[in-house]
């Protein structure tokens, strides 16, 4: 079990990373990587949809798989799992989450070392509390520290000494997956000082408060203006793009003009 896990057994419906240890005629035995390598069983009927002739056509010893927990019976030390109930998207996300948590565990040691403490002290004094704040995960705490610095952690009640060390380690190790997206505004003003009003509108939109995103607005050709957003992840990028475009349209309409937004300029415009 990883240090971040606080329960001995997974919950029903949870996705877990497993290593196949034995393939038998009626299914496969696996070890749950996140739960102290407790043993689980994938019955042959849960390996794949449809009729299965050979179990080894679907799993092999040593293979890493992502399974859904169907049933947990601690008194019998029994965990029943399903492989067929996990789609490719869920598998990819879970494997990445697991790898990230492995990184975070190593970083926890670095954080503790900076304070001449061990990893157990890190978890007892701050680690377990952080995982509760971030839905049972530790990696997001490091990611937020790299993105936003001390403030979010201090607001969560983390001691200053731990925050300082955690932010230092995060800045040294976390690679933020920045993405870039583009959208286009159409702004029109038929007023005698319409150019000025559009300029003011763009200035206001470019100053919209964003969360770790960078916004650039440039002229394409009347009445088109490009909004370029660089942000940590597509979700945040789309959120920023939407916020900036809405602000621009609202602003120009308040000035008596017209505004519209779309992701691409159509041919002939």
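The values are calculated or read from the model by the stated rules, or taken from the named source; none is laboratory data. No experiment lies behind these values; they were computed from the predicted model shown. Cβ placement follows ideal geometry from the backbone for every residue including glycine, while neighbour counts extend to all protein chains displayed.
Taking the condition of being within 22 Å of residue 14 (Cα to Cα) and either in contact with a strand residue (DSSP E or B) (Cβ under 7 Å, 6 or more places away or on another chain) or outside any helix (DSSP H, G or I) (or both), how many residues in the stretch 120-155 meet it? Residues that pass the stated criteria total 5. Of the numbered criteria (1) outside any helix (DSSP H, G or I); (2) in contact with a helix residue (DSSP H, G or I) (Cβ under 7 Å, 6 or more places away or on another chain); (3) modelled with pLDDT of 90 or more; (4) farther than 25 Å from residue 99 by Cβ, the one residue 205 fails is (1). Screening residue 196 on (1) outside any strand (DSSP E or B); (2) touching a helix residue (DSSP H, G or I) at 6+ places or on another chain (Cβ under 9 Å); (3) farther than 30 Å from residue 41 by Cα shows it passes everything except condition (2). Taken as a whole, the condition of being farther than 28 Å from residue 139 by Cα, at pLDDT below 95 and either surrounded by 12 or more Cβ atoms within 10 Å (Cβ to Cβ) or within 19 Å of the chain's Cα centre (by Cα) (or both) does not apply to residue 42. Across the stretch 208-222, the number of residues qualifying as in a loop (DSSP other than H, G, I, E, B) and surrounded by fewer than 17 Cβ atoms within 10 Å (Cβ to Cβ) comes to 5. The set of residues in the stretch 106-120 being surrounded by fewer than 18 Cβ atoms within 10 Å (Cβ to Cβ) and under 21 Å from residue 36 (Cβ atoms) consists of 106, 109, 118, 119, 120.
Of the residues making up the stretch 17-24, not a single one is more than 21 Å from residue 92 (Cα to Cα), touching a helix residue (DSSP H, G or I) at 6+ places or on another chain (Cβ under 6 Å), free of Cβ contacts under 8 Å to residues at least 12 places away in the same chain and surrounded by 13 or more Cβ atoms within 10 Å (Cβ to Cβ).
Between 72, 163, the distinction of being modelled with pLDDT of 95 or more, within 30 Å of residue 44 (Cα to Cα) and surrounded by 16 or more Cβ atoms within 10 Å (Cβ to Cβ) belongs to 72 only.
Tell me which residues, restricted to the stretch 30-65, are in contact with a helix residue (DSSP H, G or I) (Cβ under 7 Å, 6 or more places away or on another chain) and without any contact (Cβ under 8 Å) to a residue 12 or more places away in the chain. Scanning the stretch 30-65 gives a single hit, 52. Considering only residues in the stretch 227-237 that are assigned to a helix (DSSP H, G or I) and touching a strand residue (DSSP E or B) at 6+ places or on another chain (Cβ under 7 Å), the one that is surrounded by the most Cβ atoms within 10 Å (Cβ to Cβ) turns out to be 237.
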